[in-house]
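Notes follow once the structure below has been shown.
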Amino acid sequence: MHLAVSLLSAAAEAQPGSGLDFAGLARLVQKAETAGLDMVLVADSAPAAGGDGPNGQMPFEATTLLAALATVTSRIGLVAAASTIAHQPYNLARRFASLDIISHGRIGWHAAMAPNSREAANFSRPEGFSPENFRRRAEEYIGIVQGLWRGWDADALLFDQAGGRFHDPEKMRVLDHKGAYFSVRGPLNVARSPQDAPVLVLSGLPEPDLDIAVRMADVILVDEASVERAKARFSDLKRRIAACGRDAHSARVLMTIALDGTTPPTASADSLEELFRSKSCDGFNILIPPQAGAVDNFSDRVLPELRRRGLFRLDYEGTTLRSHLGLAGGGHQ
Amino acid sequence: MKLGAFLWATGHHIAAWRHPHAHVTAGIDINHYIQLARTAEAAKFDLLFCEDAAGLREANVGIASQTSRSIGFEPISLLSALAVQTSRIGLVSTASTSYNEPYGLARTFLSLDHLSGGRAGWNLVTSASHIEAANFGATGLRPHADRYERAREFAEVVTGLWRDTPGQASGSGHDGQSFSVRDPLDLPPSPQGAPVMVQAGASDVGRDLAARTADVVFTAAQTFEEAKAFYDDLKGRLAAYGREPDDIKIMPGVAPVVAATEAEAQAKYEELQELIPDDVGVALLSSYLSISDLGRYPIDGPLPELPESEGMKSRQALVIEQSRRDNLSIRQLARHFAGARGHWRIVGTPVQIADELQARFEGGAADGFNVMPSYFPGELDAFAALVVPELQRRGLFRTDYEGHTLREHLGLKRPAWT
């Protein structure tokens, strides 16, 4: 079972009524790391709603926050949301590649797939995007970013001081992308990711976008559903992933689930176990309720219960986010 | 005297990465940068400064592969990491107005400002490279004047967003020539009023933009006379925008090579110069002249006549001026510029270097310097250990931080609206 936690839903309870500072957020992530979770997810309201967004309470933009968190943790995966409106693909690919090197291979990009007219209006696109346009643009965008992440072969850097060869020119790849929405030559001026490419997380997907996710995503976040509906959706997603020529395990499906802080640990573990054993997901993205003690309750009580049942690993087995998730990639797992 | 520590890959010398004491894996080693930041902070530098380009620096992959500059950290993520690994030093990064949007950039620098407790600065540049342009769908580089008009509007929107953060009087909304923005930022106001605004362009239109918007100006000047003329000109432009001369700190780049004796310093410099491959040196010179290939001219002949640039106008003029003044061949010029890219270089003892810095500082040609170590970490260590104490002994440089924010270090006022 894979487990992620949404940082802001956890942070809300950590400092009730006060602004969130870096030290408080860092303590939460360190706690999640001590608990052995696969990753934390950081939302980013960016421009979405002018202060009413998911991080309206937080004084940080998600990618800058991730860089800082990377230096005060060593194992847990760190995933930031970043929109395809707010950044040019070259700039975003660079930011995340750099974060991945800073964190020694623990970074993921959560690409928001829902078009947001409010956001577009802050980025010189007051007319916004039609859903169909947005979808095709987002797909092209993600392809560029993943292509740029692979612009340097894993053994491209030689560091040959005496011979005067810093890198092998044959192992640098120009992307030369020319598409309907973007033209990007490349390569990226950041070295290859320690995990080959940062982890791509997609969520909030209506039916047409699932086609994008099954082709491109490493992690697909789905909403909570009845066991029967979740089972059907899970097997459908895995079948579609395989139909794209990918290994069915090469993308993880995590169900976003809000735990009720008043439910006893055994009951919470029961419901996670039931969903997991019925083959309705590969794991969960946990929203911690905004009440005192809920984070501690989850990490100190629910997690040991899951471990006792053999549902969650005892400790990290690798060092990269891909290795936590059991995904291929990276030379230093 | 204000001091910046200008970080760049393995060092500012083009052949730095080949030096046996350079940290050759700097571009993929965050701990190396954390160590550099701590060294600079322990020496009480005002700020760390990161250059940036959104693309390779050299089009020819054969040349690029002989330098360390094709890969490195993206600077905003790098400085965000350093923000929580340091406590006092300022953190300034270059970011281009050509390939960003003001809303996103204003938000990112404000976030860095919060992470660092008020130590962030933005070095506003326009992008002059065709290599960068090709990464952003551009069919060609915009003309110089257009780039600066866009930059002017960009700066206006960014400062407006920093002013109109939630909880403050909101006059938000912008609908201009290049940009439109609807909402205020969703982050609290800056701990230092607003992140520090830095500029480096030295052309006429660049100087006007700096006089209008900048808190700090980085510049390249070889001689005292050039530095003094630039200093007086820029400070003289401030009154037109209702500003005082002290509202801008002018910090020219300086590339010191320091050692206990003059002979040792000279040997250290020669050792680096010997590591420059000719084709790399000539390619670098070509890029600073904004022409595609100087390699087709005889390397021991003079610089040919060149058309006026649409790229980096001021740097081109500086190179041409130097070649005429000192009657240098292409090879000699290439080697000269490979060391410090047109910036002022001083090779000598701590006393000699302090003398030179003091002369420009007290002579009214600089408010401080952006220090460009030839290789890392050794030459930053040497400057911190040898030159900083000499400057402190002379009462020219602080012995401890007096404030917490970058504005406080630099002696800059908070913006009028705070």
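I need the full set of residues from segment B:388-418 which are out of contact with any strand residue (DSSP E or B) (no Cβ under 6 Å at 6 or more places or on another chain) and of a type in the set (A, V, I, L, M, F, W, C), in order please.
The answer is B:VAL388, B:LEU391, B:LEU396, B:PHE397, B:LEU412, B:ALA416, B:TRP417.
Taking segment A:246-280, which residues are touching a strand residue (DSSP E or B) at 6+ places or on another chain (Cβ under 8 Å) and closer than 19 Å to A:LEU205 by Cα?
Matches in segment A:246-280: A:ALA251, A:ARG252, A:VAL253, A:LEU254, A:MET255, A:THR256, A:ILE257, A:ALA258, A:SER280.
For segment B:1-109, please list each of the strands (runs of 3 or more DSSP E) lying entirely inside it that holds at least 3 residues being under 30 Å from B:GLY176 (Cβ atoms).
Fully inside segment B:1-109 and qualifying: B:90-96.
Yes or no, residue by residue, for (1) within 11 Å of chain A (Cβ to nearest Cβ); (2) at pLDDT below 95; (3) surrounded by 21 or more Cβ atoms within 10 Å (Cβ to Cβ); (4) over 30 Å from B:ASP367 (Cβ atoms):
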position: B:ALA43; (1), (2), (3), (4): no, no, yes, no
position: B:PHE73; (1), (2), (3), (4): yes, no, yes, no
position: B:ALA83; (1), (2), (3), (4): yes, no, yes, no
position: B:SER98; (1), (2), (3), (4): yes, yes, yes, no
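Are any residues in segment A:59-77 touching a residue at least 24 places away in the same chain (Cβ under 8 Å) and either at the interface with chain B (Cβ under 8 Å from one of its Cβ atoms) or in a helix (DSSP H, G or I) (or both), and if so, which ones? Walk me through it before giving the result.
First pass over segment A:59-77, keeping only residues touching a residue at least 24 places away in the same chain (Cβ under 8 Å): A:59-60, A:63, A:65-77.
If the condition is that a residue be touching a residue at least 24 places away in the same chain (Cβ under 8 Å) and either at the interface with chain B (Cβ under 8 Å from one of its Cβ atoms) or in a helix (DSSP H, G or I) (or both), then A:PRO59, A:PHE60, A:THR63, A:LEU65, A:LEU66, A:ALA67, A:ALA68, A:LEU69, A:ALA70, A:THR71, A:VAL72 are the ones that fit.
With (1) in contact with a Phe, Trp or Tyr (Cβ under 7 Å, 6 or more places away or on another chain); (2) buried (at least 21 other Cβ atoms within 10 Å of the Cβ); (3) not in a helix (DSSP H, G or I) as the list, and A:LEU272 as the residue in question, which single condition is left unmet?
(3)
Any chance segment B:278-290 includes a residue that's surrounded by 15 or more Cβ atoms within 10 Å (Cβ to Cβ), among the β-branched types (Val, Ile, Thr), modelled with pLDDT of 85 or more and not in a loop (DSSP other than H, G, I, E, B)?
Yes, segment B:278-290 contains at least one residue that is surrounded by 15 or more Cβ atoms within 10 Å (Cβ to Cβ), among the β-branched types (Val, Ile, Thr), modelled with pLDDT of 85 or more and not in a loop (DSSP other than H, G, I, E, B).
Residues of segment B:368-411 being hydrophobic (A, V, I, L, M, F, W, C), surrounded by 23 or more Cβ atoms within 10 Å (Cβ to Cβ) and assigned to a loop (DSSP other than H, G, I, E, B), which ones?
Within segment B:368-411, B:MET372, B:PHE376, B:PHE397 meet the criteria.
Can we say B:LEU112 is surrounded by 22 or more Cβ atoms within 10 Å (Cβ to Cβ), at the interface with chain A (Cβ under 9 Å from one of its Cβ atoms) and at pLDDT 95 or above?
yes
Just to be sure before I move on: is B:GLY206 crowded, with 23+ Cβ neighbours inside 10 Å and assigned to a helix (DSSP H, G or I) in the structure I sent?
yes
Can you pull out every residue in segment A:6-45 that is part of a strand (DSSP E or B) and at pLDDT 95 or above?
Correct list: A:MET39, A:VAL40, A:LEU41.
For segment A:82-126, name all the residues that are at the interface with another protein chain (Cβ under 10 Å from one of its Cβ atoms), not in a helix (DSSP H, G or I) and not polar (S, T, N, Q).
A:ALA82, A:ILE85, A:ALA86, A:HIS87, A:HIS104, A:ILE107, A:PHE123, A:ARG125, A:PRO126
Give the number of residues within segment A:186-216 that are surrounded by 21 or more Cβ atoms within 10 Å (Cβ to Cβ) and farther than 15 Å from A:ASP236 by Cα.
Counting residues in segment A:186-216 that are surrounded by 21 or more Cβ atoms within 10 Å (Cβ to Cβ) and farther than 15 Å from A:ASP236 by Cα gives 17.
Please identify the pairs in which a residue from segment A:259-273 that is acidic (Asp, Glu) has its Cβ atom under 8 Å from the Cβ atom of a residue that is part of a loop (DSSP other than H, G, I, E, B), counting only partners at least 6 apart or on another chain.
Within 8 Å, the pairs are A:ASP260/A:PRO289; A:GLU273/A:ARG309; A:GLU273/A:LEU311.
For segment A:151-172: of the residues being touching a Lys or Arg at 6+ places or on another chain (Cβ under 7 Å) and charged (D, E, K, R), which is surrounded by the most Cβ atoms within 10 Å (Cβ to Cβ)?
A:ASP153
With the requirement that a residue be surrounded by 12 or more Cβ atoms within 10 Å (Cβ to Cβ) and within 22 Å of B:HIS13 (Cα to Cα), what does segment B:291-302 give you?
B:ILE291, B:SER292, B:LEU294, B:GLY295, B:ILE299
Would you check if B:ASP183 is more than 17 Å from the chain's Cα centre (by Cα) and within 14 Å of another protein chain (Cβ to nearest Cβ)?
So B:ASP183 fits the description; yes.
Residues checked against (1) surrounded by 22 or more Cβ atoms within 10 Å (Cβ to Cβ); (2) assigned to a loop (DSSP other than H, G, I, E, B):
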| site | (1), (2) |
| --- | --- |
| B:SER127 | yes, yes |
| B:LEU141 | no, yes |
| B:TYR148 | no, no |
| B:GLU153 | no, no |
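Could you list all residues from segment B:291-350 that are of a type in the set (A, V, I, L, M, F, W, C), assigned to a loop (DSSP other than H, G, I, E, B) and without any contact (Cβ under 8 Å) to a residue 40 or more places away in the chain? I'd like the intermediate steps shown before the answer.
Applying the first criterion (of a type in the set (A, V, I, L, M, F, W, C)) to segment B:291-350 yields B:291, B:294, B:299, B:303, B:306, B:312, B:317-320, B:328, B:330, B:333-334, B:337-338, B:340, B:344, B:346-347.
In the following step, the residues that additionally are assigned to a loop (DSSP other than H, G, I, E, B) were identified as B:291, B:299, B:303, B:306, B:312, B:328.
Residues satisfying the conditions are B:ILE291, B:ILE299, B:LEU303, B:LEU306, B:LEU328.
Determine whether B:ASP146 is over 18 Å from A:THR64 (Cα atoms), acidic (Asp, Glu), more than 9 Å from chain A (Cβ to nearest Cβ) and free of Cβ contacts under 8 Å to residues at least 12 places away in the same chain.
Yes, satisfied.
Looking at (1) assigned to a loop (DSSP other than H, G, I, E, B); (2) over 16 Å from the mean Cα position of the chain (by Cα); (3) buried (at least 20 other Cβ atoms within 10 Å of the Cβ), which one does B:ALA221 not meet, given that it meets all the others?
Result: B:ALA221 fails condition (2) only.
The values are calculated or read from the model by the stated rules, or taken from the named source; none is laboratory data. Only a predicted model underlies this, so the values are computations on that prediction, with no experimental measurement involved. A quick note on method: Cβ atoms are made from the backbone with ideal geometry, for glycine too, and the neighbour counts reach across all protein chains shown.
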